[in-house]
Amino acid sequence: MKPRISSLLLLCCVLLIPVTYAFTASANQPGDDKKAVTRWEHLALPHDRADLGGGLGKQINRLGNEGWELICVMPVAKEGTTEKSIYYFKRRK
């Protein structure tokens with residue numbers, strides 16, 4: 001099951017790149033004298049599996065209210081068991 005989940009997460013991240021490019025490209029309209037470069041800041045939020053009642057949803061909602069967008073979740077496994085996940089976010093600078 002782990003390879004299937006990893007493949008699904010990788011596919012989600014790979015599909016996110018063209019979507020991000022499309023939004024960035026639409027901000028750069030033809031005819032602009034200067035090409036606007038979108039600058040991003042990134043955040044990695046580790047979350048232990050043992051900490052299921054630790055308010056992860058509240059943290060994610062708080063980050064969303066601050067303009068952060070969840071772009072990917074990567075599990076961290078040890079000996080075939082997911083011990084924690086890392087949630088990756090981005091927002092415009």
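Selection over the stretch 38-55 of residues that are modelled with pLDDT of 90 or more and over 20 Å from the mean Cα position of the chain (by Cα) gives a count of 0.
Filtering the stretch 62-91 to residues that are at pLDDT 95 or above and among the charged types (D, E, K, R) leaves E66, E69, K90, R91.
The residues of the stretch 56-81 that are among the β-branched types (V, I, T), more than 15 Å from E41 (Cβ to Cβ) and under 12 Å from the mean Cα position of the chain (by Cα), listed by number, are I60, V73.
The values are calculated or read from the model by the stated rules, or taken from the named source; none is laboratory data. Remember, it's a predicted structure, so these values are computed and weren't measured experimentally. For neighbour counting, all protein chains shown are included, and Cβ atoms are generated from backbone atoms with ideal geometry for every residue, glycine included.
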